[in-house]
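Notes to accompany the following structure.
The values are calculated or read from the model by the stated rules, or taken from the named source; none is laboratory data. Since this is a predicted model, take the numbers as computed values, not measurements. Every residue, glycine among them, receives a Cβ derived from its backbone with ideal geometry; neighbour counts consider all protein chains shown. Accessible surface areas use protein heavy atoms only, side chains included; no ligands, DNA or RNA. Shrake-Rupley method; radii C 1.70, N 1.55, O 1.52, S 1.80 Å.
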Amino acid sequence: MSETILFTEGRIAPRLVRFALPVLGALFLQSFYGAVDLLVVGQFGTAADVSAVATGTMMMQTITFIITGLAMGTTIQMGQALGANKKDKAANIVGSSLIFFVILALVVTVLMIFLTRPFALLMQTPAQAFDKTLAYVHICSAGTLFIAGYNVLGGLFRGMGDSKTPLLTVLVACIINIFGDLLFVAVFKMAAAGAAYATVLAQALSVIFCLIVVKKKGLPFDFSRRNIRWDGPLIQLVIKTGAPISLQDGLVTISFLVIAAIINRLGLIASAGVGVAERVCGFIMLVPSAFSQSLSAFVAQNVGARKYDRAKKALLYSIMASLACGILIGSAAFFRGDLLAAIFSKDKEVIAAAHSYLKAYAIDTLFVSFLFCFIGYFNGCGRTTFVMIQGIVGAFCVRIPVSYLMSLTANPSLFRIGLATPSSTLVQIILCGLAFIIFEKKNKKAQLSAN
């Protein structure tokens with residue numbers, strides 16, 4: 001039986017960093033995993049292929065983020081159960097989640113068959129890339145079950161304090177995807193469709209690997225087939241916790257799809273340039289993303305154990321570490337973003353467009369150091385409804401309107417359109433700061449009443 005790694009004891013900063021580093025490694029590999037598709041297609045395909053993969057990836061990311069958000073419900077509830085030493089409840093949460101996510105994945109797969117074309121039309125996909133985009137998404141949709149499987153299993157390990165196993169799993173997927181892309185795209189010349197086949201193959205084999213690890217290492221609680229059943233109250237609890245995160249992640253991703261549609265109106269070069277920039281952004285946002293995920297698990301256990309001061313200190317340490325890295329990474333993206341973009345495309349016009357967009361994202365690397373850590377903290381506390389609300393406000397009240405208005409200016413640049421993102425993040429930080437103060441006052445009153 002595997003042991004639970006408890007975050008409720010010992011020095012906070014070392015434990016948090018040791019947990020966050022494998023999470024960072026896994027996120028890096030996930031970003032690299034997705035970037036390989038664009039990198040290989042960019043070197044062996046056309047601008048239309050690059051646009052198709054970029055647009056198709058955004059569509060698939062919407063599905064992935066929705067599933068990931070719901071899986072966070074499992075991570076948080078299981079983490080709180082383990083923190084409170086309720087191992088039977090943790091086992092039942094995992095078993096019920098498995099059934100729920102299998103059903104969800106099958107439903108999503110069917111829906112994507114019918115929704116891909118309307119999605120592509122809404123995003124105003126360039127005509128040259130339209131059919132290629134449809135093919136890419138349809139093929140990738142076949143891997144939805146594997147996406148769900150990985151996120152549930154990854155959430156399971158993180159909830160019990162193990163961030164190394166998800167890292168190994170993503171490493172396996174990344175290696176398989178690299179070889180698959182080189183085979184299908186570079187050798188067989190299948191372009192965007194080849195990248196999609198490589199992605200599905202890698203996802204399937206990574207889930208199989210993860211199941212093998214689970215069987216070998218075991219779990220920190222007794223788990224058998226009797227735990228794999230539809231437990232309505234527990235599933236409702238997981239959904240209640242994860243749905244706001246899922247909805248927020250999904251709507252935020254949709255807001256970026258809307259921005260992509262706005263930019264697609266500017267032409268093929270702008271579409272491909274933003275696609276390349278988004279891939280680079282996936283890397284420059286890794287550190288705050290890693291601390292956000294790590295905080296969710298760390299805070300969940302401490303909230304379950306009623307050690308609220310440890311949770312707040314973990315938030316402070318995470319912000320400090322994220323901000324220090326954000327200054328370095330943001331500077332590199334702002335001043336030498338062209339070199340980063342050149343990794344994914346050989347077209348000079350696409351590289352220039354990507355660098356213009358990246359300059360705006362470089363500013364955002366400073367702001368997300370605060371925002372992502374706040375989100376991780378609130379998720380771990382179970383304040384997922386607030387996380388959803390602030391995300392929706394940022395996306396639909398700031399990011400989309402600012403992007404649209406900037407696109408209407410004379411000679412609109414991708415830099416000005418991109419400024420919508422840091423503008424949104426700044427508003428969200430203000431909301432999080434106010435919420436933190438309000439929730440702290442409520443917690444103190446509750447503690448005084450209990451005493």
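Quick rundown of the values:
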item	result
Selection count where residues are open to solvent by 30 Å² or more (accessible area, probe 1.4 Å) and not aliphatic (A, V, I, L, M), scope region 70-91	6
Options S51, S97: the member that is buried (at least 24 other Cβ atoms within 10 Å of the Cβ), modelled with pLDDT of 85 or more, over 14 Å from I254 (Cα atoms) and not aliphatic (A, V, I, L, M)	S97
Answer residue from region 400-427, given it is open to solvent by less than 20 Å² (accessible area, probe 1.4 Å) and touching a Phe, Trp or Tyr at 6+ places or on another chain (Cβ under 8 Å) and is nearest to G380 (Cα to Cα) among those	T425
Residue list for region 165-204, restricted to those being at pLDDT 85 or above, open to solvent by 70 Å² or more (accessible area, probe 1.4 Å) and assigned to a helix (DSSP H, G or I)	I175, F179, L182, L183, V187, Y197, L201
Residues located in region 11-23, provided they are open to solvent by less than 50 Å² (accessible area, probe 1.4 Å) and out of contact with any Pro (no Cβ under 9 Å at 6 or more places or on another chain)	I12, A13, P14, L16, F19, A20
Region 99-155, residues that are in a loop (DSSP other than H, G, I, E, B) and in contact with a Lys or Arg (Cβ under 8 Å, 6 or more places away or on another chain)	Q124
Total residues in region 313-353, condition within 22 Å of the chain's Cα centre (by Cα) and among the aromatic types (F, W, Y)	2
Meets criteria (more than 23 Å from the chain's Cα centre (by Cα) and under 22 Å from A395 (Cα atoms)) for A270	yes
Entirely in region 254-354, the helices (runs of 4 or more DSSP H) that have 1 or more residues that are charged (D, E, K, R) and either open to solvent by 50 Å² or more (accessible area, probe 1.4 Å) or in contact with a Gly (Cβ under 9 Å, 6 or more places away or on another chain) (or both)	268-284, 308-341
